[in-house]
Amino acid sequence: MSRSIVRQSKFRHVFGQAGKTEQGYDDIRVSKVTWDSSFCAVNPKFLAVIVESSGGGAFLVLPLSKMGRLDKNHPLVTGHTGPVLDIDWCPHNDNILASCSEDTTAMVWQIPDQMGTRPISEPIVVLEGHSKRVGIVTWHPTARNILLTAGSDNLIIIWNVGTGEALISMDDHPDLIYNVSWNRNGSLFCTTCKDRRLRVCDPRKREVVAERMAPHEGIRPMRAIFTRDGNLFTTGFTRMSQRELGLWDPTSFEEPIALLELDTSNGVLLPYYDPDTNMVYLCGKGDSSIRYFEITEEPPYVHYLSTFSSKEPQRGMGFMPKRGVDVSKCEIARLYKLHDKKCEPIAMTVPRKSDLFQDDLYPDTAGSDPALEPEEWLEGRDEDPILQSLRDGYVPPKSRELKVAKKNVLDSRPTTRRSMSSCDGSANLPVSHTLSALF
């Protein structure tokens, strides 16, 4: 009698559980902008959600402890003159958040621990270098104050927000950039683009080091993220508009490591990756389910684990860094699901009987200390994230203020103009143009 052998994995029985009604965040008017970003960002201190607002763009920041119905007088963060398209918390300072908007700017904000009642309208620094809307903003994983922005002008700019200056500009993309993802140590990033190419870029060499034409044959938007092993996990569509996921080795792009068809649906699959467990959570815009998979070194390489299903479709999703999960309940991930009018936490848990700390579930994880200064990274140094143990739980450090030191007023003013951005080759402009751009 043949007996089927079940694959051994400690994550085989991970289950998702939505928080109780009183553990959610109600009366949030989630933005209706038609843009495929997650609309939500979360860290161990705060939840940030892009919301509807008249006369410009705004987002809401709530302390995680402030559950229940939203106070009507709770202040918004309002500084953009157009709808906000993307937000991202700094991995090295839980009070610093970056946002980008249709108004062609990106902004960096210091969020106080005590919010007060007045709207926050003064960013620490405004990053002006794009000529069209800015749709992607993402922090470097290991270097302090390094921020990447990508706009509809098909330009990628890397900034030092500590000085407010543009360090690197790349114009290798001929069409709209769908997403950007750094690798584990921030030496490379990958992009997906409307021209259907998947690219791996080395920002300090300012070149594309690997690319693959049409990893998914469909013309609908793709997403790509780096895994901890340096492979690329992608989501996209087949020629028949079926959703598909793939795993690729960027050193040999000819054949995928794995390619898996999922279902027929219109929503773009947003992947959220946990490098500690090597699990990826797939959340489709408009879906009412979250599928999760484990990536391993043995065939079929991408193993389906389970699906968390609910009745309500999701408008967006936030993914808590591992520092913020509850280790006493064997929680290995927490997602924040956006509905039309509320945000609901969903805990992913490994069932265990013991109340003791589970070493095998919680290897040392990326902490909040940067491994590099901006100058070291720019000179070519790479460092993996500085790790910390979760054995005693995570205690967020006290609020640290980000100080922006402009190098020189005359040096910094040109970088705030598109025509004068230090990366745009504007040094070749005649003197008359230079003066007119300054004043």
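The values are calculated or read from the model by the stated rules, or taken from the named source; none is laboratory data. Because the structure is predicted, anything quoted here is derived from the model rather than measured. Counting neighbours? That spans all protein chains shown, and the Cβs are built from the backbone with ideal geometry, glycine included. Note: accessible area is taken over every heavy atom of the protein model, side chains too, but ligands, DNA and RNA are not part of it. Shrake-Rupley method; radii C 1.70, N 1.55, O 1.52, S 1.80 Å.
For the chain, what is the accessible area per residue in Å² when the probe is 1.4 Å?
Accessible area per residue, the chain: 45 Å².
Taking the Cα-to-Cβ direction at HIS13 and at ASP340 and moving 7 Å from each Cα, how far apart do the two end points lie in nm?
With each label point 7 Å from Cα toward Cβ, the separation is 3.9 nm.
For LEU387, tell me the accessible area in Å² from a 1.4 Å probe, rounded to the nearest 10.
Approximately 90 Å² of LEU387 is accessible to the 1.4 Å probe.
Using mean Cβ contacts within 10 Å as the protection proxy, how do 150-158, 218-226 order, highest first?
The densest-packed peptide leads the list: 150-158, 218-226.
How big, in percent, is the set of alpha carbon pairs in the range 13-70 lying more than 18 Å apart?
When every Cα pair of the range 13-70 is considered, 43 percent fall beyond 18 Å.
Please list, ordered by chain and number, the residues whose modelled amide H lies under 5 Å from the amide H of ILE332; skip anything fewer than 5 residues away on the same chain.
MET348, THR349, VAL350
Quick check: the distance between the Cα centres of the range 205-231 and the range 290-353, to the nearest angstrom?
Centre-to-centre distance over Cα atoms comes out at 24 Å.
If you rank LYS311, LYS285, LYS337 by how much accessible surface each has, with a 1.4 Å probe, what is the order from largest down?
LYS311, LYS285, LYS337
Quick one: if you stick a label point 7 Å off each Cα along the C-beta vector at GLU207 and ASN278, how many nm between them?
Computed distance between label sites GLU207 and ASN278 equals 3.2 nm.
With all protein chains present and a 1.4 Å probe, how do ARG291, ARG323, ARG239, ARG29 order by accessible area, largest first?
Ranked from most to least accessible, the order is ARG239, ARG29, ARG291, ARG323.
With the cut-off at 19 Å, tell me which of the pairs LYS66/LYS329; LYS66/LYS311; LYS10/LYS322; LYS20/LYS342; LYS132/LYS341; LYS45/LYS341 have Cα atoms farther apart than that.
Long pairs (Cα-Cα over 19 Å): LYS66/LYS329; LYS66/LYS311; LYS132/LYS341; LYS45/LYS341.
Rounded, prolate or oblate: which fits the range 96-179, taking a ≥ b ≥ c as square roots of the Cα gyration tensor eigenvalues, rounded meaning a/c under 1.5, else prolate when a/b beats b/c?
It is prolate, given that a/c is not under 1.5 and a/b is the larger ratio.
Could you report the accessible area of SER53 in Å², rounded to 10, computed with a 1.4 Å probe on the protein chains as they sit in the structure?
Its accessible surface works out to 40 Å², give or take rounding.
Within a Cβ distance under 13 Å of ALA210, other residues only, what is the Lys/Arg minus Asp/Glu net charge?
Spelling it out: positives minus negatives among the neighbours equals -2.
I need the shape label for the range 192-248. Rule: rounded when a/c is under 1.5, else prolate if a/b > b/c, else oblate, with a, b, c from the alpha carbon gyration tensor.
Because a/c hits 1.5 or more and a/b fails to exceed b/c, the range 192-248 counts as oblate.
With every protein chain present, what accessible area does TRP89 have (1.4 Å probe, heavy atoms only), rounded to the nearest 10 Å²?
20 Å²
Send over the Kirkwood Rh of the range 1-132, from the inverse of the averaged 1/r over different Cα pairs, rounded to one decimal Å.
Over the range 1-132, the inverse of the mean reciprocal pair distance is 16.7 Å.
Under 15 Å from the 7 Å Cα→Cβ point of THR21, by amide nitrogen: which residues of the range 306-345?
The answer is 342-344.
Probe radius 1.4 Å, ligands and nucleic acids left out: which of ARG118, ARG12, ARG206 has the largest accessible area, and how do the rest follow?
ARG118, ARG206, ARG12
Give me the percent of Cα-Cα pairs in the chain that sit more than 28 Å apart, rounded to a whole number.
49 percent
Work through the residues other than GLU255 whose Cβ is under 14 Å from its Cβ and net out their charges, Lys, Arg +1 and Asp, Glu -1.
Charge balance in the 14 Å sphere: -1.
Considering only protein heavy atoms and a 1.4 Å probe, what is the carbon-and-sulfur percentage of the accessible area of the range 15-376?
Result for the range 15-376: 45 percent of the exposed heavy-atom area is carbon or sulfur.
Between beta-carbons, use under 12 Å as the cut-off and find the net charge around ASP360, counting Lys and Arg +1, Asp and Glu -1.
Charge balance in the 12 Å sphere: 0.
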